[in-house]
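Novice: After the C-alpha cells below, expect a handful of questions from me.
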Amino acid sequence: MRPVDRKLLMKSDYLRKEAELFIDYIAQGEEVAANQFMCRTMKEVNEGGHYLNTWVYEQTKVLLQNGKLVGVLGGDHSVPLGFMKALAEKHGEFGVLQIDAHCDLRVAYEGFNYSHASIMYNALGEIPEIKRLIQVGVRDFGGDEWDYICNSEFRVITYFDKEIKRRQYEGETWKYITDEIINKLPQKVYISFDIDGLDRKLCPHTGTPVPGGFEAEEVYYLLKKILDTGRELIGFDLCEVGVNSENDWNANVGARVLFKLCNLLVASNTPAAK
Ligand SMILES: [Mn+2]
C-alpha cells in the first residue's frame, strides 16, 4: 500500500462536503443554473475529479514504467480512470472485465462528469485501446445505458445477473457460461471489481447495493479462467468496499477479494506460477 496523499485527502474532504450540499440542493428540485454558488460547486467538483484522475495516471504510469504490478483500491468506482490510461500507454489494446451490479455507463451523474456512475462511459470514451468491456452481474441500469450497450457494436457486452441466473436455472453450468464470457475477452485483460457485484450479504455497507449478485467463489472461478486460457492479466481495481464502525465484515470480505486479485495478478505475470 502506498501512503495516502495529504493534499488529495484535504481536497477530497472539502469537495465531498460541497458535493453533499449540491445534492441536497437539487434533491429539493431546485435549478442549478439559477444559483451561482451551485454552478461553482459543480465546476469545482468536476475539476477535483480531473485532478484525481491526473494524479492516479501519473502515479501508476511511473510504477508501470518501473516494472511494478499495480492494483488500484477505491474509494468509489470513479478512481481507476487514470490507471486504465496508463495501462493503455504501456500495453496497447486490452479488454476490461467488470464485476458490478451497475453498468456505470452514465454520461454524467447529476452534472458530475467523473462520478462512480460514469467510470465505464468515461473509460470507453477516453481510452480507445479498450477494445471490449464485458460486464458481469449487472442488475440495475437505465434506458440510456441500455441504448449505449445496444449501439456499441459489441464493444460492450453485458451479462445481466437475471440472464445468468435464468440460464443456470434451466440447466446451463457456470463452467459453460464462464467459458463463454472469457472467450469474448482479448489477450490482455484488466479486472474492474466493484464489490457490489457480489451478494449484499458480502458487502452490506457498500454505497449502492442491489438484490442478487454472486458468491465470492463464483467470481473467483470466473477470474481464474483468465489465467487458465492463457490470457494476461495486466492490472485491477477493487472499489466500493463499505466501512462500518460496528463490525469489520465489509473489510474482511474486501481484504480477501484483494488478496485473491493480487495473487491472480502475480501468477499471471510469473510464468512458473501459471
Ligand atoms: Mn461500479
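No lab work stands behind these numbers, since they all come straight from the coordinates. Note that the structure is predicted; figures quoted are calculated from it, not measured. Because the Cβ atoms are built from the backbone with ideal geometry, glycine has one as well, and the counts that use them run over all protein chains shown.
Novice: Can you tell me which residue in the stretch 187-206 is nearest to the ligand (Cβ to nearest atom), limited to those that are closer than 19 Å to Ile127 by Cβ and surrounded by 16 or more Cβ atoms within 10 Å (Cβ to Cβ)?
Specialist: Keep residues of the stretch 187-206 that are closer than 19 Å to Ile127 by Cβ, which gives 187-194.
Then drop every residue that is not surrounded by 16 or more Cβ atoms within 10 Å (Cβ to Cβ), which leaves 188-194.
Working: Lys188: 21, Val189: 18, Tyr190: 14, Ile191: 13, Ser192: 8, Phe193: 9, Asp194: 4 Å.
Out of the qualifying residues, it is Asp194.
Novice: Go through the residues of the stretch 168-178 one by one and say whether even a single one is under 21 Å from the mean Cα position of the chain (by Cα), within 16 Å of Leu227 (Cα to Cα) and in a helix (DSSP H, G or I). Walk me through how you get there before you give the answer.
Specialist: Within the stretch 168-178, the first condition is being under 21 Å from the mean Cα position of the chain (by Cα), and the residues that meet it are 178.
Then keep just the ones that are within 16 Å of Leu227 (Cα to Cα); that gives 178.
Restricting the remaining residues to those that are in a helix (DSSP H, G or I) gives 178.
There is at least one residue in the stretch 168-178 that is under 21 Å from the mean Cα position of the chain (by Cα), within 16 Å of Leu227 (Cα to Cα) and in a helix (DSSP H, G or I).
Novice: Out of the stretch 65-89, which residues are free of Cβ contacts under 8 Å to residues at least 60 places away in the same chain and assigned to a helix (DSSP H, G or I)?
Specialist: If the condition is that a residue be free of Cβ contacts under 8 Å to residues at least 60 places away in the same chain and assigned to a helix (DSSP H, G or I), then Gln65, Leu81, Gly82, Lys85, Ala86, Ala88, Glu89 are the ones that fit.
Novice: Any chance you could count how many residues in the stretch 180-210 are of a type in the set (S, T, N, Q) and outside any loop (DSSP other than H, G, I, E, B)? Working first, answer last.
Specialist: Residues of the stretch 180-210 that are of a type in the set (S, T, N, Q), as a first pass: 183, 187, 192, 206, 208.
Of the ones still in play, those that are also outside any loop (DSSP other than H, G, I, E, B) are 183, 192.
Residues meeting the conditions: 2.
Novice: Right, another one. Counting only residues that are within 12 Å of the ligand (Cβ to nearest atom) and in a loop (DSSP other than H, G, I, E, B), how many does the stretch 114-138 have?
Specialist: Within the stretch 114-138, residues that are within 12 Å of the ligand (Cβ to nearest atom) and in a loop (DSSP other than H, G, I, E, B) number 1.
Novice: Which one is surrounded by the most Cβ atoms within 10 Å (Cβ to Cβ), of the residues in the stretch 207-218 that are touching a residue at least 60 places away in the same chain (Cβ under 8 Å) and away from the ligand (no atom under 13 Å from the Cβ)? Before you say what the answer is, go through the steps one by one.
Specialist: Taking the stretch 207-218 first, the residues touching a residue at least 60 places away in the same chain (Cβ under 8 Å) are 207-214.
Still in the running and away from the ligand (no atom under 13 Å from the Cβ): 211-212, 214.
Working: Pro211: 10, Gly212: 19, Phe214: 21.
Of everything passing the filter in the stretch 207-218, Phe214 is surrounded by the most Cβ atoms within 10 Å (Cβ to Cβ).
Novice: Can you work out which of the residues in the stretch 66-84 that are more than 20 Å from Cys262 (Cβ to Cβ) and either buried (at least 22 other Cβ atoms within 10 Å of the Cβ) or more than 14 Å from the chain's Cα centre (by Cα) (or both) is farthest from the ligand (Cβ to nearest atom)?
Specialist: Going through the qualifying residues, I end up with Leu81.
Novice: Which residue, of Glu163, Glu246, Glu240, is under 23 Å from Arg132 (Cβ atoms) and free of Cβ contacts under 8 Å to residues at least 60 places away in the same chain? Explain how you work it out, then say what you get.
Specialist: Values: Glu246 fails: under 23 Å from Arg132 (Cβ atoms); Glu240 fails: free of Cβ contacts under 8 Å to residues at least 60 places away in the same chain.
Testing whether each residue is under 23 Å from Arg132 (Cβ atoms) and free of Cβ contacts under 8 Å to residues at least 60 places away in the same chain leaves just Glu163.
Novice: What are the residues in the stretch 96-113 that are part of a loop (DSSP other than H, G, I, E, B), more than 13 Å from the ligand (Cβ to nearest atom) and in contact (Cβ under 8 Å) with a residue 12 or more places away in the chain, if any? Steps first, please.
Specialist: First, pick out the residues of the stretch 96-113 that are part of a loop (DSSP other than H, G, I, E, B): 100-101, 103-108, 110-111, 113.
Adding the requirement that they be more than 13 Å from the ligand (Cβ to nearest atom) leaves 107-108, 110-111, 113.
Residues satisfying the conditions are Val107, Glu110, Gly111, Asn113.
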